[in-house]
2 protein chains.
Amino acid sequence: MRKASALAAIALVASPLTAQSVDRTEVGRIVDEGVNRSEVMLTVQHLADHIGPRLTNSPGMRAAEDWTASKFRDWGLKNVHKEGFDFGRGWWIERSSARMINPRPITLTAIPIAWTPATAGRISAPVVVAPMSEERHFARYHGQLAGKIVLVTLPNDGSEPTDPAFKRLSGDDLSKLDVYEQPKYDPEASDRRMKRLEYSAKLDAFLKAEGAVAYATMSPRDGKLVHGAGYLFGTGETQQVPGVEIAAEDYRRLARLAKQGPAPVVELENVVHFVDTDTRAYNIIADIPGSDPSGAYVMAGGHLDSWAAGDGAVDNGAGVAMVMEAARILQTMGVKPKRTIRFVLWAGEEQGLLGSMDYVEKHIAARARKPGTPETGLARFYGWANRWPITRQADYGKLSAYFNIDNGSGKLRGIYAENNAAVVPIFRDWFAPFNAMGAGSVAIRKTGGTDHVFFSAVGIPAFQFIQDPLDYGSRLHHTSIDTFDHIKAADMRQGAVILASFLLNAANADKPLPRLPFPTEPGVTDPFAWPDPNDLD
Amino acid sequence: MRKASALAAIALVASPLTAQSVDRTEVGRIVDEGVNRSEVMLTVQHLADHIGPRLTNSPGMRAAEDWTASKFRDWGLKNVHKEGFDFGRGWWIERSSARMINPRPITLTAIPIAWTPATAGRISAPVVVAPMSEERHFARYHGQLAGKIVLVTLPNDGSEPTDPAFKRLSGDDLSKLDVYEQPKYDPEASDRRMKRLEYSAKLDAFLKAEGAVAYATMSPRDGKLVHGAGYLFGTGETQQVPGVEIAAEDYRRLARLAKQGPAPVVELENVVHFVDTDTRAYNIIADIPGSDPSGAYVMAGGHLDSWAAGDGAVDNGAGVAMVMEAARILQTMGVKPKRTIRFVLWAGEEQGLLGSMDYVEKHIAARARKPGTPETGLARFYGWANRWPITRQADYGKLSAYFNIDNGSGKLRGIYAENNAAVVPIFRDWFAPFNAMGAGSVAIRKTGGTDHVFFSAVGIPAFQFIQDPLDYGSRLHHTSIDTFDHIKAADMRQGAVILASFLLNAANADKPLPRLPFPTEPGVTDPFAWPDPNDLD
């Protein structure tokens, strides 16, 4: 194929940025396999429909761990294994129901709050509205909660959604993302998070002491969507009082009726189960081995776990399926990369990025232990990103790029460069064959909230893609309608193809992706601020 | 108050269109009462929260009939009475639940279809997907439905809502409504509707004969919203097979799993009840008597009945509350109108405008009886609007204006003039004091679908207001989230105030509102059309 080679040579000359040895001829093979023989929708459908919700350590998550590992093996990937870390209790919902039975019968839309105990069979009790969000609020309701179902959220007004639920990014939207933001250092952020957890435990103890039979929160979204998020999952720290999240419309009705009196009576039945046979959670790892004797590797990942309300389809069955499909495409092509290409499916993401943090701690870089840091549950990672110094682990120099997928099921439109200006022209070049598929924006800024952040925090080039939001944030994220039917096949195929191409480029590049300087403790960013007077005592 | 009289005289001169003797000084009193001492939100909240859904002839509707009549009496209105008409069976939901129990447990969002029977306790059965929409489809599934829950809707794809759920009308939106449309005569429309009903009865008979244990439809809306509409409510014509509408996400998942096999097993429990103690439905009527000895009157109305999925808050508790609040405002002001002002709350609107049609037939104008027309249920009114000639009844000349409220809970932005060009300048003038409240557009065109249409069809000046849609059509209309918390107090007050003002203007106008010519059978509107070859046999 002399002509093709000649064209490739011209392309290299014409594109002086391509110092990373991009082999454009592989792009056509990736697209062919990923578009004409795609399995990405079958993968996500199996996860969402057949396995369903995958709360970390639940039976669903165990089934997903086994199924994804066996898929990787079936496709021929190597070194397929699970890597465990201490997590906490498993928990799952067998059935639940909630009804108002007085002053009139209505079926309520509700979901048990994760890791709260079962009700004592089908219970019925009057509700009491007792909005509490800080410990100092407890005293107001002392002596008033015995035998009651306690509504702890302050009811708000109905929403007025004036933005479309379903959205694709315009060129203007994309260009607004490409803005460098100077860093803000907020060492208190993780303290606030821990205080929130501590508050939940204190609320549970208060409700238990007062004799409440159950408590209810209001869904943060309108429209009968429920979520059921809960965070007290550690062995020995799960709650004692059954909890339920009630749809906003149903919660507000209960609160209005309670205010006018007599208090409505609600019948509640949470049939939920804990599983304590194995308190470790597992990341799933699979490799396409590289030829480089140094053990260098590149990696893609997404979290396999989900919440329990929906089927974990767009969050994050979609990301998992794109990662697995990229693996299948590259494996099917028989690529022999220079660097190993590793695929990893994380556990415990929804409880605080726990799976990826464990991987970083074990393999990439450890951070100083803060005295008094708890060793269990979410609290284990308390203040992790603000501990100094960072100590390199065995893989620190080997992992040259990490790509994460966890922004829903929309097609890839670009990538966040995490303030790493040197990768911008490289990624633009890697996107070039995919511009006509809608992908190409490289936005300098950082993005947070998912499994690339701890890699990035220790200086690994680790990235999250820009995806069309579709209806992810507006109505699917963590809700009861996170189901397969909201996923678009064309978007999923595009995502898998581009991810495969990025991985192959990163694996075969002459040089590893450029890194930012090794992180050290930042200086005081606002030397002119006064201390908060509340902190002076 | 000579000065005021002088100003009024100037206003009359300055506004030559005001041939209807508008007394502007009453507007201030109406606004004062309707804004500063409003009860409109208490009224709709009582209907929605305390009484709840009001399916015609259900216990909820009976409670609403009694409560609204007593409210009218408490406020001092006269001639408060119920006017009954033959309707059919009462029906209500005590409780219902639906779960997939195989291949994994999920609580499904579902609602019993109105007027379908209870399940035989808590049943469980495999589903079978058998999309049927015409009688000729039945044969495909003969012998395959015994012992099954039959999914009769063809599953579609998920929606991509690119319009905002919540919307107020812009000036541009309003101007687009003001377009005269030449009439289209479609004598087959009511036949199609009847065929749909006949099909439902045939489907029920087929499912019964095949031994299906229940059937399920898919919600026509995404996002876990359900409706539960059903139309076979006549005595002796209700269905034999229990029916349930399943949320689109849950239905599609069942259908996908069934296609891949083995068929999912669903557990279903519909605890519903029929009430046959009184098969008549009732319109509620209340008057502020006028001084005119001719018995002339003007009227406002809205339907009191609702579907069973939500609380009937925006459809049409909101319209009822605006009508009742207009009555309260005018009664409290002690108005002594020339013409009687009548307030009427309709029953049976959701099943085909049955309450208003009965009123029109009894009091306004009868239409020729079509040979073979059924005498029960919805079928009673089969082809009503296309029967000729029209015969005037006793009130034909007395009712000079009818105003209906049934476009949700949004504030009034204007009115549809129903092709009655002569009323356009009159209504513009009546709106003049309310322009700053956002109301003033008079759109020439007709609007359909609610209780003014049969008045309009026989030549009575009968109108429906233009209202801000808010999230009525997008997510509230007939759904499980038609609840009080989606209603805005400021909108409701504005609507009641303007309605009161329109009624007082119409009641005190020197002359009745101009009428269109008395309706006669239209000519052939398309003399060049070929007959449909399917109709030739």
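Some observations on this one:
- 222 nm mean residue ellipticity, helices alone, for chain A (DSSP H n ≥ 4; -39,500 (n - 2.57); rounded to 500): -8000 deg cm²/dmol
- Residue B:129 sits among other residues whose Cβ lies under 15 Å from its own Cβ, and their net charge, with Lys and Arg +1 and Asp and Glu -1, is +2.
- Local net charge near residue B:302, Cβ-Cβ under 9 Å (Lys/Arg +1, Asp/Glu -1): -3
- Listed residue pairs exceeding 31 Å between alpha carbons, taken from A:195/B:167; A:71/A:338; B:148/B:224; A:176/B:488; B:167/B:511; B:82/B:336: A:195/B:167; A:176/B:488; B:167/B:511
- Beta-bridge orientation, segment B:282-351: approximately 40 percent antiparallel, per DSSP, counting only bridges with both partners inside.
- The loop-placed GluC sites (Glu not before Pro) in segment A:214-265, going by DSSP, include none that has at most 12 neighbouring Cβ atoms within 10 Å of its Cβ.
- List of segment B:209-232 residues, accessible area with partners at least 30 Å² below that of the chain alone (1.4 Å probe): B:223, B:224
- Per-residue SASA entry for residue A:159, accessible area with 1.4 Å probe, Å² rounded to 10: 40 Å²
- Estimated from the Cβ-Cβ distance and a Förster radius of 30 angstrom, the FRET efficiency linking residue B:176 and residue B:526 is about 0.70.
- Ratio of Rg to Rh for the protein assembly as shown: 1.02 [Cα atoms; Kirkwood radius as inverse mean 1/r over pairs].
- The modelled label-to-label distance for the pair residue B:37/residue B:134, using points 7 Å beyond Cα in the direction of Cβ, is 6.2 nm.
- Average beta-carbon neighbours from other chains, 10 Å sphere, peptide A:461-473: 1
- Here r is the Cβ-Cβ distance between residue A:157 and residue B:160 and R0 is 35 Å; the resulting FRET efficiency, rounded to 0.05, is 0.80.
- Mean sequence separation of contacting Cα pairs (under 8 Å, at least six apart), scaled by the length of chain B, corresponds to a relative contact order of 23 percent.
- Debye, to nearest 20: dipole size of chain A, +1 on Lys, Arg Cβ, -1 on Asp, Glu Cβ: 640 debye
- Residues in segment A:277-291 that a label on residue A:235 would reach, taking backbone N under 14 Å of a point 7 Å out along Cα→Cβ: A:277-281
- Rounded Å value of the spacing that divides the Cα centres of segment B:390-432 and segment A:335-397: 70 Å
- For segment A:117-187, taking Cα atoms only, Rg and Dmax work out to 22.3, 58 Å respectively.
- Shape category assigned to segment A:287-350 from the gyration tensor of Cα positions, a/c cut at 1.5: oblate
- Computed over every Cα-Cα pair of segment A:38-155 and binned at 10 Å starting from 0, the pair-distance distribution P(r) comes out as 10, 27, 25, 19, 13, 6, 0 percent.
- Segments A:273-283, B:48-58 sorted - mean Cβ within 10 Å per residue, highest first: B:48-58, A:273-283
- Linear extension gain, residue A:362 paired with residue A:518, 0.36 nm per residue minus alpha-carbon span: 54.3 nm
- Shown for residue B:260: label points 7 Å from Cα along the beta-carbon vector, and their distances to the equivalent points in the other copies, 4.7 nm in ascending order.
- Averaged over the residues of B:48-54, the number of partner chain Cβ atoms lying within 10 Å of the residue Cβ comes to 4.
- DSSP-loop GluC sites (Glu not before Pro) across segment A:329-437, with at most 16 other Cβ within 10 angstrom: A:375
- Compactness index (Cα Rg / 2.2 N^0.38 Å), segment A:199-242: 1.30
- Protein accessible area in segment A:341-434, 1.4 Å probe - carbon and sulfur %: 52 percent
- Of the residues A:391, A:519, A:462, the one whose Cα sits farthest towards the positive end of the charge dipole of segment A:391-537 is A:462 (charges of +1 on Lys and Arg Cβ, -1 on Asp and Glu Cβ, taken about the Cα centre).
- Given charges at beta-carbon only (K, R positive; D, E negative), |dipole| of the protein assembly as shown in Debye: 320 debye
- Additional length obtainable on full extension of the chain from residue B:74 to residue B:278, 0.36 nm per residue less Cα span: 70.8 nm
- Cβ neighbours within 10 Å from other chains - mean over B:474-484: 4
- For the pair residue A:445 and residue B:445, label points projected 7 Å from Cα toward Cβ lie 4.2 nm apart.
- Computed from the C-beta positions of residue B:373 and residue B:511 and an R0 of 41 Å, the FRET efficiency is 0.60 to the nearest 0.05.
- Of all beta bridges that DSSP places with both ends in chain B, some 60 percent have antiparallel geometry.
- Chain B contacts chain A over a buried accessible area of about 4000 Å², both sides summed; the probe is 1.4 Å and only protein chains count.
- With kT/(6 pi eta Rh) evaluated at 10 °C and eta = 1.306 mPa s, and Rh the Kirkwood radius from Cα pairs, chain B diffuses with a coefficient of 64 µm²/s according to Stokes-Einstein.
- Cβ-based charge dipole, segment B:161-243, positive-most Cα from B:179, B:238, B:213: B:213
The values are calculated or read from the model by the stated rules, or taken from the named source; none is laboratory data. The shown structure was predicted, so the numbers you read here are calculated from the model rather than taken from an experiment. With ideal geometry, Cβ positions are generated from the backbone for all residues, glycine too; neighbour counts draw on all protein chains shown. Areas reflect the complete protein model, heavy atoms only, side chains present, ligands, DNA and RNA absent. Shrake-Rupley method; radii C 1.70, N 1.55, O 1.52, S 1.80 Å.
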